[in-house]
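Read the structure below first, then the notes.
The values are calculated or read from the model by the stated rules, or taken from the named source; none is laboratory data. Predicted model only: the values in this text are computed from it and were never measured. Cβ placement follows ideal geometry from the backbone for every residue including glycine, while neighbour counts extend to all protein chains displayed.
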Amino acid sequence: MPKGAALTVYSSLPRAGVSARVADAIAAGERLALADAHGRVAGRAVRLVELDSAVPGGQAWDPATVEANARRAVDDRTAIAYMGELGLGASAVSVPVTSGDNLLQVSPGDGLTTLTRADPAEPEELPARYYHGGRRNFIRLVPTDAQQAAAIVAWVHASGANRLAIVRDDELFGRELAAEAAVAAPREHVTVTTVQEARHGVADYSSLARDVALRSPEAVLYTGLGDPDAVRLLNAIGRALPGAPVYGSSALATSPDGGGPPADVLKPAAPPALYGSWARGVLRRLRVQSGSPVAPEALYGYDAMQIVLDAIRAAGRHAGNRAAVAQAALRPRTRRSVLGTYRVELSGDAAVTRFAGYRRIGGTLTFLGMRPVP
């Protein structure tokens, strides 16, 4: 790349489906962080190219689209970084593409454990499978799905339930988190009574709900997406197990769909009031820009862009070199950002070990407090 040439940062987010609102907030945060830098760093102009990782009418990210997005970024010789993915597991498609050319990848929301460390649920699945020549190029800003599962199961146990039924959907997120929860349960002295899969498109979930109830669980964990099928499923479970508490993951917490029984859910993003003045100021400015409140996940987009800009700056005279920028980004350090203070680890993890707990009633979340990872 010619010295002083403009640089391009690509962003891949699902702009349709259940994650669209969160993706829009993250994208707004990315744009604002670049605007705050006046579109320049280390003497170079930086432009942002936003790509959609979903297909029209889809409920989540699309694997073929994610791969195409990553290849487009890699093939653009002005590209210096790629911000994605949001949905759990989507980075397993894009990282093998970006790592092949040392293109820095920063994920604002993909917690798939095996991207950075060995998986307790699948010990044979190691991060090396994603990285060409062992070169790490990936940073994520959220805890792993194994940590999320452990936090949920600990919450279940702390609330007094010792028998837990796990219900998943047939998407990758639901399957992975269900497996992680089943592994975490014995550590918390919680018995898993059953693991059931609720496939999308089933007309009536009453039979599945009765099967769950026959195992006499004291609580139910639903690990799937919060789409309309989930609402019907959770209503069926509520009828079969009246009074049994329902727990859900970040996929349910960020769903815009209302309905279903109350559920206690986790997600990485806390309410705006719990962040520092810098973060609250970012959210206020975004609210003024859009004319309505912006989800706090916007802070993850803002920080993702800042990581990229900081890495370009740190690379100095090698600011146009992909490998140098990726290496600068993955340097272990303590980072102070809109998300607070955390440590960037050599693995690519941000050492964040807390989730925000909420009660979801319809489409409304009421904050219950922060939940640590055991």
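Could you tell me whether any residue of the stretch 106-116 is outside the structural domain of ALA253 (by TED's automatic domain parsing), touching a Leu at 6+ places or on another chain (Cβ under 6 Å) and among the hydrophobic types (A, V, I, L, M, F, W, C)?
yes
Could you tell me which numbered condition PRO56 fails, if it satisfies all but one of (1) surrounded by fewer than 20 Cβ atoms within 10 Å (Cβ to Cβ); (2) farther than 30 Å from VAL288 by Cβ; (3) modelled with pLDDT of 95 or more?
(3)
If you go through the stretch 69-86, how many residues are surrounded by fewer than 16 Cβ atoms within 10 Å (Cβ to Cβ) and under 29 Å from ASP229 (Cβ atoms)?
Counting residues in the stretch 69-86 that are surrounded by fewer than 16 Cβ atoms within 10 Å (Cβ to Cβ) and under 29 Å from ASP229 (Cβ atoms) gives 0.
Can you name the number of the only condition in (1) without any contact (Cβ under 8 Å) to a residue 40 or more places away in the chain; (2) in contact with an Asp or Glu (Cβ under 8 Å, 6 or more places away or on another chain) that ARG168 fails?
(1)
Restricting attention to the stretch 238-271, which residues are closer than 18 Å to ASP24 by Cα and over 18 Å from the mean Cα position of the chain (by Cα)? Write out each step before concluding.
Of the stretch 238-271, the ones closer than 18 Å to ASP24 by Cα are 250-257, 267-271.
Selection gives ASP257 alone.
Conditions (1) crowded, with 19+ Cβ neighbours inside 10 Å; (2) aromatic (Phe, Trp, Tyr); (3) not assigned by TED's automatic domain parsing to the domain that holds ALA154, marked per residue:
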site: ASP170; (1), (2), (3): no, no, no
site: ALA184; (1), (2), (3): yes, no, no
site: ARG210; (1), (2), (3): no, no, no
site: GLY259; (1), (2), (3): no, no, no
site: TRP278; (1), (2), (3): no, yes, yes
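Among what's in the stretch 186-201 and is free of Cβ contacts under 8 Å to residues at least 40 places away in the same chain and not in a loop (DSSP other than H, G, I, E, B), pick the residue that is surrounded by the fewest Cβ atoms within 10 Å (Cβ to Cβ).
That would be PRO186.
On the given criteria, is ALA251 modelled with pLDDT of 95 or more and at negative phi? Before the answer, list the steps.
Details: modelled with pLDDT of 95 or more: no; at negative phi: yes.
Criteria not met by ALA251.
Quick test for you: out of GLU124, GLU180, pick the one residue that is free of Cβ contacts under 8 Å to residues at least 40 places away in the same chain and either buried (at least 24 other Cβ atoms within 10 Å of the Cβ) or among the charged types (D, E, K, R) (or both). Quick ask: steps written out before the conclusion?
Values: GLU180 fails: free of Cβ contacts under 8 Å to residues at least 40 places away in the same chain.
Just a single option satisfies the conditions, and that option is GLU124.
Just checking, does the stretch 315-323 include any residue being within 19 Å of GLU30 (Cα to Cα) and either touching a Leu at 6+ places or on another chain (Cβ under 6 Å) or assigned by TED's automatic domain parsing to the domain that holds LEU13 (or both)?
Going through the stretch 315-323, the residues within 19 Å of GLU30 (Cα to Cα) turn out to be none.
No, the stretch 315-323 has no match at all.
Answer with yes or no whether VAL49 is among the hydrophobic types (A, V, I, L, M, F, W, C) and either out of contact with any strand residue (DSSP E or B) (no Cβ under 8 Å at 6 or more places or on another chain) or part of a loop (DSSP other than H, G, I, E, B) (or both). Spell out how you get there, then give the answer.
Numbers: among the hydrophobic types (A, V, I, L, M, F, W, C): yes; either out of contact with any strand residue (DSSP E or B) (no Cβ under 8 Å at 6 or more places or on another chain) or part of a loop (DSSP other than H, G, I, E, B) (or both): no.
Answer is no for this residue.
If a residue has to be of a type in the set (Gly, Ala, Ser) and crowded, with 20+ Cβ neighbours inside 10 Å to count, how many in the stretch 24-53 make the cut?
First, the residues of the stretch 24-53 that are of a type in the set (Gly, Ala, Ser): 25, 27-29, 33, 35, 37, 39, 42-43, 45, 53.
After this cut, where a residue has to be crowded, with 20+ Cβ neighbours inside 10 Å as well, the list is 25, 27-29, 33, 53.
Qualifying residue count for the region: 6.
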